[in-house]
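S.K.: Below is the structure I would like to discuss, written out as structure tokens.
The values are calculated or read from the model by the stated rules, or taken from the named source; none is laboratory data. All values reported here derive from a predicted model rather than from experimental measurement. Heads up, the Cβs are rebuilt from the backbone with ideal geometry, glycines too, and the neighbour counts pull from every protein chain shown.
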Amino acid sequence: MEPVRLTQYARGGGCACKIPPGELESVVAGLGLTGAAAPTGQPGELLVGLDHGDDAAVVRLDDDTATVATVDFFTPVVDDAYDWGRIAACNALSDVYAMGGTPLVALNLLCWPRDRLPLELAGEVLRGGHDLARQAGCQLAGGHSVDDDSPKYGLAVTGLVRTADLITLDAGRPGVPLSLTKPLGIGVLNSRHKATGEVFPEAVAAMSTLNREASRAAVAAGVRCGTDVTGFGLLGHLSKLARASGVTAVVESARVPYLDGARAAVRDGYVSGGSRRNLDWVAPWTRFDGVGEADRLLLADAQTSGGLLVAGEVPGGTVIGELRPRGESLVEVR
């Protein structure tokens, strides 16, 4: 096959192609489906639903166990088909890890422009997803495909979680540190890759690294509040956590880790429209104290298959701030 640049077949890449969070929240609110039903303690009880925008839905199976269900797919974030498959699968599995669970079974979701791109490339995407799921110990069985104008791939994932280990957005408490388990900068490096064809192995490695060990470490450390950092950027996901938990999140910007080349990518203008929309969205309830535009953009950078952001300290994570009693702002960045 002739070399194909998959990123040129999509307007956006990875989680940067999400519908802007402000627009999405207004649509979901208009459905009138939020508001948890009265607890029943019986099998079938919805433990986590639409209320706070958690990473997955959680339904009780018995007194000790619940099932976790999620779906995630997106357009190409890198040109290499096999790597894209691995990254998309890793990103989908991350939602289960972010809830403190273990993926059990997944189904492929594939949209493919069969008249424009060879099906052999689709096979490489599926092979990447299969290999990553196998690495996670998750069964990957079948799925669904659609002939579409632009390529998209991801997984629908079902997992299990002990109810005592469940990690949610609304369990944060003042005085607890905030930890991040992967460096930021994935979004701007992907934007540079899409524009120039430059390959950033460190970014690919970060996106294809499972959040399994970070999740296990968080559960073992007693963490019960957290999320993963994806398309809404660190500030977007952190503001959702702060709102759900009734706290203010304080970020020490100098402590936040970044991938090599991320600052240069911002300096050279490789910032996606999704990242700029993220920053516009969080600005009304975020206080920036002496933080320049480049740092603001990086903190709002739309990540793909980013790390976990948890209320607590975990081995291998970086403490970037803490939760405090609710103040005038949801998030403060210093």
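S.K.: Could you please let me know if Val188 is surrounded by 14 or more Cβ atoms within 10 Å (Cβ to Cβ), within 17 Å of the chain's Cα centre (by Cα) and of a type in the set (A, V, I, L, M, F, W, C)?
M.R.: Considered against the rule, which asks whether it is surrounded by 14 or more Cβ atoms within 10 Å (Cβ to Cβ), within 17 Å of the chain's Cα centre (by Cα) and of a type in the set (A, V, I, L, M, F, W, C), Val188 comes out as yes.
S.K.: Only residues that are in contact (Cβ under 8 Å) with a residue 60 or more places away in the chain and on the phi > 0 side of the Ramachandran plot: list them for segment 267-299, please.
M.R.: none
S.K.: Taking segment 301-334 on its own, how many of its residues are part of a loop (DSSP other than H, G, I, E, B) and either on the phi < 0 side of the Ramachandran plot or touching a His at 6+ places or on another chain (Cβ under 6 Å) (or both)?
M.R.: Total meeting the criteria: 16.
S.K.: Determine the pairs where a residue that is more than 19 Å from Val78 (Cβ to Cβ), located within segment 134-156, has a partner that is outside any strand (DSSP E or B) with Cβ atoms under 6 Å apart, the partner being 6 or more residues away or on another chain.
M.R.: That search, which allows pairs on different chains as well, returns Ala136/Leu93; Ala136/Leu210; Leu140/His130; Leu140/Ala133; Asp147/Arg114; Asp149/Pro113.
S.K.: Criterion first (among the hydrophobic types (A, V, I, L, M, F, W, C) and within 19 Å of the chain's Cα centre (by Cα)) does Leu166 satisfy it?
M.R.: yes
S.K.: Six or more apart or on different chains, Cβ under 7 Å: which pairs go from a residue in segment 53-79 that's assigned by TED's automatic domain parsing to the domain that holds Gly226 to one that's among the aliphatic types (A, V, I, L, M) and modelled with pLDDT under 95? Could you list them?
M.R.: none
S.K.: Sticking with this structure for a sec: Pick from segment 40-76 the residues that are in contact with a strand residue (DSSP E or B) (Cβ under 9 Å, 6 or more places away or on another chain) and surrounded by fewer than 12 Cβ atoms within 10 Å (Cβ to Cβ): which of them is modelled with the lowest pLDDT?
M.R.: Thr40
S.K.: Which one of these is under 30 Å from Val223 (Cβ atoms) and modelled with pLDDT of 95 or more: Leu121, Leu126, Leu110, Leu155?
M.R.: It is Leu155.
S.K.: The conditions are (1) of a type in the set (Gly, Ala, Ser); (2) surrounded by fewer than 16 Cβ atoms within 10 Å (Cβ to Cβ); (3) more than 30 Å from Pro43 (Cβ to Cβ), and Ala141 fails exactly one of them. Which is it?
M.R.: Unmet for Ala141, out of (1) of a type in the set (Gly, Ala, Ser); (2) surrounded by fewer than 16 Cβ atoms within 10 Å (Cβ to Cβ); (3) more than 30 Å from Pro43 (Cβ to Cβ): (3).
S.K.: Right, another one. If I filter segment 82-105 for residues that are out of contact with any Phe, Trp or Tyr (no Cβ under 9 Å at 6 or more places or on another chain), surrounded by fewer than 20 Cβ atoms within 10 Å (Cβ to Cβ) and in a helix (DSSP H, G or I), do I get at least one hit?
M.R.: Yes.
S.K.: Could you pull out the residue among Thr40, Thr75, Thr70 that is more than 24 Å from Val199 (Cα to Cα) and touching a helix residue (DSSP H, G or I) at 6+ places or on another chain (Cβ under 8 Å)?
M.R.: Only one candidate qualifies: Thr70.
S.K.: Could you tell me which of the residues Ala264, Ala244, Ala218 is out of contact with any Ser or Thr (no Cβ under 6 Å at 6 or more places or on another chain), without any contact (Cβ under 8 Å) to a residue 40 or more places away in the chain and either surrounded by fewer than 24 Cβ atoms within 10 Å (Cβ to Cβ) or outside any loop (DSSP other than H, G, I, E, B) (or both)?
M.R.: When all the criteria are applied, what remains is Ala264.
Residue by residue, here is whether (1) in a helix (DSSP H, G or I); (2) touching a Ser or Thr at 6+ places or on another chain (Cβ under 8 Å); (3) not assigned by TED's automatic domain parsing to the domain that holds Arg277 holds:
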residue	(1), (2), (3)
Arg116	no, no, yes
Glu120	yes, no, yes
Leu126	yes, no, yes
Leu160	no, yes, yes
Leu178	no, no, no
Lys182	no, yes, no
Gly187	yes, yes, no
Arg192	yes, no, no
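S.K.: State yes or no: is Leu298 of a type outside the set (Gly, Ala, Ser), over 14 Å from Ala262 (Cβ atoms), at pLDDT 95 or above and not in a loop (DSSP other than H, G, I, E, B)?
M.R.: Criteria not met by Leu298.
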